């Protein structure tokens, strides 16, 4: 299932764990679990993790720093390499 | 004294159970060499004293964090007599992943099926007896928070001290099992503290801690190097097999109600619907803009305007009464209050608009907006995540451009930077407001929405163009983590709103004041000329550029001066117009100098033309290129100009 999750993300056919759950016919809880596992194993990386404005930018109309407002994760180099190998 | 270890996932109720068992007989320290907290306590059962060690919460026993390493090292090297594995009964399958790893290590496990009361409430039924048989471990149902089952857990734990257990051996499939056997052979007769099979699996899982441990052995190191050379990557397969094993072992033993929709799920079904998501987003924004006008202008706007007029009148009278210099009186009443005051009048609108936007963000809706926009954005070659920088750009393009740092791909980032100025920032809001008040007072919300929508549409068109020409490259995909909906925290909403208002006021008192002062001086020179006239220095500069804007319908010198002042800061546009038409009421003056059509073309120009100096400087900083900064300044000007001319010329055919 982890491989399938990774493939779905790389194809761009899913945008959330809900989508993954629907595509793989599993519960959202399971999909979350797999995504957590992939994150932990460094197959997915948090986007823009090096950027932080500390929420103090004038004019930014988000009450939190945009990177904290919602997070996105994409394939890490390790994830890309793994899929290439398949 | 016997030692018992407590292991579990974070939030499984492990620490609550630890406290329930040890009470005040505990002390906290640190694990040697790491910053992980070590909690140790004592309890007495049947007059015998036991040590209880609360290990750090972990989902797995890999080497991904210090917590995991500490937990697994204690299980393997600390020789606990029993490991109580606390598992959250409401999320049993996920928690069993850790259990399986403990069993593979050969630990003497007792399962505490914690939060069983919550599981019962959620109608989750677990066949404890059969699960215990299949896993070959004792299971005790507990609710640590309510101190249910704690005594039974201690009884079973103590009874199982000294139980003879052998490590669980899962079949990982032919290829992996063969590799495991080969590695076990290599590990034979080697002096490692850990179980051989477990080490073999960890090596195949690419566990950096174990690999570094065994790399001292040249034979094993060579084997590992060969695995890497041959691209034999098994870690995902191993994890998958463990989940398959959990699936098999829990088959028919866990009954869960299917698809219980949470409130967030129910709301998401509507708000992120494939068909209705976008129209709903548009509708919400129209309502926000409409409310901004109704409350910010119709209700609050009058008070602020009257207040500024009152202060302006009072200070002017005061200056006249003390026989102040005429130039000073002119500067204060026409320059300062006519210019800066014209900008300050819009504070209520800014307050209301950002109040609603902060609410949308704080409730978790903005993340959904990005979600529903994603498909559309991908079609134009933009990454859905660029929507974050676009939303930020609606406040101010400077942080909007800075937030493109969240995009790792250079292609995505450059496109997101180049289109960000089309997201109409808060500083441009007063321009639209004053023109809407003059020409479209009844359709404020709709006109404002159309301007914002036009900005987004142009951004999408340009993004498509850039992705097909300047920045070709592969797309990057991602998944979003959407926060659950929640009631907005008024504290956070008001703080956010105040930051915007304060920023707006600060700019009005600094940049706008400076721009207006310079323009006021230019409008007074050369000496003896009629102030604010076409013959003034400012009038002559404006008149030089004005013909260029005639095809766009606003070829008067005041309009061209205001547009150039807007390059310093967009708020300066209204400030400049306010000063140049002072003491006449600005809306009245606009009606006299613009037609409805030229007002629209002017607003389009303001929306699209060269962003402010701060934004251009940010582009230079973020791209590390003067070329891109210049490109941004020039292409947006040309685009704004062409669009304004098109609007006016095509509109003239019909009006």
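Could you work out the mean count of beta carbons from other protein chains within 10 Å of each residue's beta carbon in A:8-20?
5
Relative contact order of chain B, please, whole-number percent, based on alpha carbon pairs below 8 angstrom and at least 6 residues apart.
Across chain B, relative contact order equals 10 percent.
Rounded to the nearest 10 degrees, what's the angle between the helix B:386-395 long axis and the longest principal axis of chain B, both from Cα atoms, 0 to 90?
40
Can you give the average number of partner chain beta-carbon atoms within 10 Å of each beta-carbon in peptide B:392-405, as a whole number?
5
Give me the distance in nm between label points sitting 7 Å out from Cα along the Cα-to-Cβ direction at residue A:4 and residue B:311, one decimal.
6.5
Ignoring everything except DSSP H segments at least 4 long, calculate the 222 nm mean residue ellipticity for the protein assembly as shown; use -39,500 (n - 2.57) per segment, divide by total residues, nearest 500.
-18000 deg cm²/dmol
How would A:45, B:221 line up from fewest to most surrounding beta-carbon atoms within 10 angstrom?
Ranking A:45, B:221 by Cβ neighbours within 10 Å, fewest first, gives B:221, A:45.
If you take the beta carbon distance between residue B:270 and residue B:181 as r and set R0 to 51 Å, what does 1/(1 + (r/R0)^6) give as a FRET efficiency, to the nearest 0.05?
0.40
Relative to the first principal axis of the alpha-carbon coordinates of chain B, what is the inclination of helix B:235-250, with its axis defined by its Cα atoms, in degrees from 0 to 90 and to the nearest 10?
So the helix axis and the longest Cα principal axis differ by about 70 degrees.
Full extension from residue B:596 to residue B:325: what is 0.36 nm times the residue separation minus their Cα-Cα distance, to one decimal in nm?
Gain on stretching residue B:596 to residue B:325: 93.6 nm.
Please arrange B:274, A:43 by how many other C-beta atoms lie within 10 Å of their C-beta, fewest to most.
The most exposed by this proxy come first: B:274, A:43.
Where the centroid of each part is defined by its Cα atoms, how far is the stretch B:188-237 from the stretch B:397-427 in Å?
If we compute the Cα centre of each part, the gap is 45 Å.
Mind checking the mean number of beta-carbon atoms from other chains within 10 Å of the Cβ atoms in B:355-367?
Per-residue shielding by partner chains comes out at 3.
Take B:504, B:74 and order them by how many other Cβ atoms sit within 10 Å, fewest up front.
Listed from fewest to most nearby Cβ atoms, that is B:74, B:504.
Calculate how steeply helix B:613-623 sits against the longest principal axis of the alpha-carbon atoms of chain B, using the helix alpha-carbon long axis, and give the answer as 0 to 90 degrees to the nearest 10.
For helix B:613-623, the angle is close to 40 degrees.
Where a number appears in this text, it was derived from the coordinates with a stated rule and is not lab data. Model, not experiment: these values are computed from the prediction. Every residue, glycine as well, gets a Cβ built from its backbone with ideal geometry; the counts of neighbours run over all protein chains shown.
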